[in-house]
1. Restricting attention to the alpha-carbon atoms of region 252-379, what are Rg (one decimal) and Dmax (integer), both in Å?
2. Could you tell me the center-to-center distance, by alpha carbons, between region 246-290 and region 153-228 in angstrom?
3. Taking the Cα centre of region 252-379 as origin, sum charge times position over the Cβ atoms of Lys and Arg (+1) and Asp and Glu (-1), and report the length of that vector in debye to the nearest 20.
4. If you plug each phi of region 230-235 into the Karplus form 6.51 cos²θ - 1.76 cosθ + 1.60 with θ = phi - 60°, what whole-Hz ³J(HN,Hα) values come out, in order, with x for Gly and Pro?
5. Apply the Karplus parameterisation 6.51 cos²θ - 1.76 cosθ + 1.60, with θ equal to phi minus 60°, to every residue of region 286-303 and state each ³J(HN,Hα) to the nearest whole Hz, in sequence, with x for glycine and proline.
6. Distance in nm between label sites at Glu255 and Glu40, each 7 Å beyond Cα in the beta-carbon direction?
7. Calculated FRET efficiency, Gln74 and His225, Cβ-Cβ r, R0 35 Å, to nearest 0.05?
8. Only loop residues by DSSP count here, and only those with at most 11 other Cβ atoms within 10 Å; note down the trypsin sites (Lys or Arg not before Pro) in region 165-267 that meet that.
Amino acid sequence: MNLPFIDLASQQQRIRTEIESKIETVLNHGKYIMGPEVEELEKVLCERVGVKYVISCSSGTDALLLALMGLKLQPGQGVIVPSFTFTASAEVMPLLGAVPVFAEIDEETFTLNPARLGYALEAANSLDIEVVGIIAVGLFGQPAQMDKINAFAKSNNLWVLDDAAQSFGTELNGAKTGTLAEVTCTSFFPAKPLGCYGDGGALFTDSTEIAEIARSARVHGQGSHKYQTFRLGMTARLDTIQAAILLAKLKVFDEELVLRNAAASYYAELLSGWVETPTCYPDKTSSWAIYTIKLPKRTNRVFIQEELSKRGVPTAIYYPIPMHLQKPYEHYPRDKNGLEVSECLAQSVLSIPMHPYLTNEKQEMIGKAIIETIKIVDKR
Ligand SMILES: Cc1ncc(COP(=O)(O)O)c(C=O)c1O
């Protein structure tokens, strides 16, 4: 057996006719840039999430940049962000001359620990860095504790940006991701729960000002016509073909979320007692973008990965090095009590195959391979 880590082929097989017909429509009308599918996608996403504005763009990273421009982040200002995340969540601050301030996550949910936000703020304040906002990350598919994070932000006069690159399609206390912060960003990278066939992203907001700035910055800071420039900007539009693909994929997205949740529950059952499986509390739903288990302390993770690979089970490490230990980020401020949880998790996490087309049989094979490998480790 040789299993895929993410099975995009099965999804394509299922909706190929729909995708082909949508691409054909684009080829026929020929509006490759900002064609009607882009507007249609934005409208569908607005209705789905229940926000006033959706601005599609060229990637999740560009969505973050556009959002920060919309929030008027200035050089030298600080933004609190978890250290245990994908590079892009932190990268966007230095790209705008601003300062990422690394905060600790909660061991169980892999998302920002609201109780530790004050320590990150204090660390930045002690360096005279004016902190203006927080980027929360819905890591591995579940939203961060946005209610508590928003409360902290409110009492400290900060804005909140939800990096939902992995958690689009989820809810917290019945409220949809996309509405949990001033502005929310997502990614349509192919491996994401809602992915296109290239790079893509979107931002969601109810703020007319953020939407106007982001929409203008998406096209070189364009004003009321093409050759009027209001501000600095980028080429950050979503291709019409990618919007067409996303419209086709949205038709199966909700069902795929249900299938992902069923797969996550079955993994929890199969692996119970052997490894620590991820927790998602009842106030949240998860898109299970990535299924990440925790290996027992001091387990040789490389050996486990090799043994699983021999058994045809692909694995990945998201993420082996927290951001505050990465070379370009070492000098930025961090929680004054250190980031031990982030550092420990980077050593013990292991992500295993997750996608909507995992059958029970395949999951049983994966579960068996993991248990066999853990037994070998225990005997050594
Ligand atoms: C948490 C997080 N933020 C941002 C991004 C950036 O998205 P993109 O790759 O579309 O630029 C990703 C993508 O992996 C991500 O996982």
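1. Expressed in Å, the Cα Rg and Dmax of region 252-379 come to 16.2, 48.
2. 23
3. Computed about the Cα centre, the dipole is about 460 debye.
4. 8, 7, 6, x, 9, 9
5. The phi angles translate into 10, 8, 6, 4, 9, 9, 10, 9, 10, 7, x, 3, 6, 6, 6, 5, 4, 4 Hz.
6. The two pseudo-label positions are separated by 1.9 nm.
7. On the way: r = 28 Å, r/R0 = 0.80.
The computed FRET efficiency comes out at 0.80.
8. Lys226
Each reported figure results from applying straightforward, stated rules to the coordinates on display, with no laboratory input. Predicted model only: the values in this text are computed from it and were never measured. Counting neighbours? That spans all protein chains shown, and the Cβs are built from the backbone with ideal geometry, glycine included.
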